[in-house]
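The values are calculated or read from the model by the stated rules, or taken from the named source; none is laboratory data. Just so we're clear, the structure is a prediction, and the values are computed from it rather than from any experiment. Cβ placement follows ideal geometry from the backbone for every residue including glycine, while neighbour counts extend to all protein chains displayed.
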Amino acid sequence: MNYTDYETGAPIADTKAPDGPIAERWDRRRFEAKLVNPANRRKHTVIVVGTGLAGGAAGATLGEQGYQVEQFCYQDSPRRAHSIAAQGGINAAKNYRNDGDSVHRLFYDTVKGGDFRARESNVHRLAQISVEIIDQCVAQGVPFAREYGGLLDTRSFGGVQVSRTFYARGQTGQQLLLGAYQALSRQIAAGTVTMHPRTEMLDLIVVDGRARGIVARDLITGEISTHFADAVVLATGGYGNVFYLSTNAMNSNATAVWRAHRRGAWFGNPCFTQIHPTCIPRTGDHQSKLTLMSESLRNDGRIWVPKAPGDSRPPGEIPESERDYYLERIYPSFGNLVPRDIASRAAKNVCDEGRGVGPGGQGVYLDFADAIRRLGRDKVAEQYGNLFDMYQRITAEDPYEVPMRIYPAVHYTMGGLWVDYDLRTTVPGLFAIGEANFSDHGANRLGASALMQGLADGYFVLPSTINDYLARTPLGDRPAASHPEVADIVAETEDRLNLLLAVDGDRTPDSFHRELGELMWEYCGMSRTEEGLRKALERIPQIREEFWQRIKVPGTGDEFNQSLEKANRIVDYLELAELMCLDALHRTESCGGHFREESRTPEGEAARRDEEFGYVAAWEFPRDGRAPVLHKEALVFEHVHPTQRSYA
């Protein structure tokens, strides 16, 4: 592999996206899609990897349709998927508040919030389906917050001026996941879904150019097994843990999507990563993850820093006249509810000016004093109590009495496997849903939209489009484990694991992961420069070479071995990190979460270059020592015309 340069290949187009009036496209696509007779669905097997909101919803719905579903997760239960950690809420254009919301406004806000780097057709479909998601979840018994009269309550999130976010205190992801899990459990009991917990996908099986199964490892016994199907669905989440410190669960990883990329699935916009502005600041090198504090807190909390650099007084001793509520000052129309990329960069800027608070000056205050005076402590506790409790347990500081300290951290990845309107990757038979694909959020995801996309893909989009694939594709018999292409893939997997065990060096997997993560945060994090990205691209191959010389993996592969799990994931991180840096290097504009220091407006905001970079970057894995190949999908805007984003 050679990531120091790239080749430009033929353009790519989304051939499945319908034309015509945008409000009618999804209905037309569903009608034009071929169906599978209910009796024939029982003859088809579909593999779903992942049991978060996208995967759990997909498995439950496909099982309900009558397909035989083989579902995999590395957790001991589908309930432990990382979707459970989502806190603030889920967007839907219900307009219960009669405050001017609509499907078109949600569509507009999402395209604009993504800095005009998403497809209009996909985003409009997402906005359409959002209203159906709430009905689905309420019918499942998801305990959304309600007003005194019993109606569903909503609140605001960043980048919008309406209240469209439905929530369940600060544990919305948990409640939505339990809803999907109970639907999935019903299908497990009915025999349509076979669950494989504590089992990790290690490679994709491609036979005769089509995805026909996966290679997996039992994390308890170490057994390597093959599983075959007529279609494979990846719902494995994002790759934020390439940065080592992130808000993601410790075991969240990129192996499934990266191995699919190596087998021919193109990777879309890998440099588009989201930095969340409200996370508990790191306290030292002992940490292995960071903790998110919900964006919903920015509804009532006010963000500020001292006006004077180096002011180390306790917050209660700093008078109002000496505080800078910088988001309210710079962006008066949206205030503390600007989009995440803008809020994160603004926090970094004031800390770089020497006005940060807390250890090392890496923090800003999120203050609820005004909200407690206005609403009362009980009302604040009713809305945010579990978040306040979590903050107090972690920091030993009471946010009812003193302001929270927050700082940006890696949270989500807008990049992922390239998919068309039907959620198909460039490998026939392989679908990617939820955060595993790139499709809906452009260069910056608005808050409360990840849950919306995951459930839209799983409950509504995939069940329609996978029917069309299976109905139109004569698949024949499924391959056997003895098939030469299958045997080669299994042998590659076993050889990789055996090599990791055989090195017997002197460094732990975590030490390499931390080194790579710090490098990525420094040079491919909140801000990027050509010089820094070239340094990263020079250093990453050196880390990889040292990794294969010095990695220490104790134990064997025939047992529970977390060191082996981690080491295998780092093999993929070391390659993915290079592609992320190369994508960031080639995109010399700033847009959304991708901020190139060389491309900014006179006011210091991100400066897009639509004429040069108004496209999706779809990367093809390099073969035979060649450079990666960049394929461009031109983005066409007919309904939301690109402008310089303004939240002032």
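Brief remarks follow.
- When GLY159 is tested against (1) assigned to a loop (DSSP other than H, G, I, E, B); (2) more than 24 Å from ARG340 (Cα to Cα), only condition (2) is not met.
- Residue tally, condition at pLDDT below 95 and either touching a Cys at 6+ places or on another chain (Cβ under 6 Å) or in a strand (DSSP E or B) (or both), over the stretch 601-632: 1
- First in the stretch 529-556 and within 16 Å of GLU518 (Cα to Cα), second anywhere and surrounded by fewer than 14 Cβ atoms within 10 Å (Cβ to Cβ) and not acidic (Asp, Glu), Cβ under 8 Å, 6 or more apart: LEU537/THR4
- Scanning the stretch 633-645 for residues that are loosely packed, with under 14 Cβ neighbours inside 10 Å, of a type in the set (A, V, I, L, M) and in a loop (DSSP other than H, G, I, E, B) yields a count of 1.
- When ALA189 is tested against (1) surrounded by fewer than 18 Cβ atoms within 10 Å (Cβ to Cβ); (2) assigned to a strand (DSSP E or B); (3) aliphatic (A, V, I, L, M), just one condition goes unmet, and that condition is (2).
- Consider the stretch 192-201 and keep the residues that are of a type outside the set (S, T, N, Q) and outside any loop (DSSP other than H, G, I, E, B). The one that is farthest from LYS566 (Cα to Cα) is VAL193.
- For the stretch 313-330, a residue qualifies if it is touching a residue at least 12 places away in the same chain (Cβ under 8 Å), surrounded by 10 or more Cβ atoms within 10 Å (Cβ to Cβ) and in a loop (DSSP other than H, G, I, E, B), and the qualifying residues are ILE318, TYR325.
- Pairs, first without any contact (Cβ under 8 Å) to a residue 40 or more places away in the chain in the stretch 432-455, second buried (at least 24 other Cβ atoms within 10 Å of the Cβ), C-beta under 8 Å, six or more apart: none
- Filtered residue count, the stretch 135-167, keeping only those that are more than 21 Å from GLU328 (Cα to Cα) and either touching a Ser or Thr at 6+ places or on another chain (Cβ under 9 Å) or surrounded by fewer than 22 Cβ atoms within 10 Å (Cβ to Cβ) (or both): 23
- Screening GLN182, GLN174 for residues that are over 23 Å from the mean Cα position of the chain (by Cα), in a helix (DSSP H, G or I), at pLDDT 95 or above and not hydroxyl-bearing (Ser, Thr, Tyr) leaves exactly one candidate, GLN182.
- Flag if GLU538 is under 18 Å from THR493 (Cβ atoms) and part of a helix (DSSP H, G or I): no
- Considering the stretch 67-113, the residues that are polar (S, T, N, Q) and either touching a helix residue (DSSP H, G or I) at 6+ places or on another chain (Cβ under 7 Å) or in the same structural domain as LEU290 (by TED's automatic domain parsing) (or both) include one that is nearest to ILE47 (Cα to Cα), namely GLN71.
- Residue, surrounded by the fewest Cβ atoms within 10 Å (Cβ to Cβ), within the stretch 279-312, restricted to residues that are in a loop (DSSP other than H, G, I, E, B) and among the charged types (D, E, K, R): ASP285
- Pair list, Cβ < 6 Å and 6+ apart or interchain, from the stretch 1-18 residues that are within 22 Å of LEU582 (Cα to Cα) to residues that are part of a loop (DSSP other than H, G, I, E, B): MET1/PRO622; ASN2/ALA627; ASP5/ALA627; TYR6/ALA627; TYR6/PRO628; GLU7/ALA627
- All positions within the stretch 68-98 that are among the aromatic types (Phe, Trp, Tyr), closer than 18 Å to ALA432 by Cβ and in a loop (DSSP other than H, G, I, E, B): TYR74
- Taking the numbered list (1) assigned to a loop (DSSP other than H, G, I, E, B); (2) out of contact with any strand residue (DSSP E or B) (no Cβ under 6 Å at 6 or more places or on another chain); (3) buried (at least 24 other Cβ atoms within 10 Å of the Cβ); (4) of a type outside the set (Gly, Ala, Ser) in turn, VAL111 passes all entries but (1).
- Matching residues in the stretch 383-396 - criterion: being more than 25 Å from PRO143 (Cβ to Cβ) and surrounded by fewer than 15 Cβ atoms within 10 Å (Cβ to Cβ): ILE394, ALA396
- Only one of GLU620, GLU589, GLU605, GLU598 that is of a type outside the set (Val, Ile, Thr), in contact (Cβ under 8 Å) with a residue 60 or more places away in the chain and in contact with a Ser or Thr (Cβ under 7 Å, 6 or more places away or on another chain): GLU598
- Among the residues of the stretch 135-169, those that are of a type outside the set (Ser, Thr, Tyr) and within 30 Å of VAL636 (Cβ to Cβ) comprise PHE157, GLY158, GLY159, VAL160, GLN161, VAL162, ARG164.
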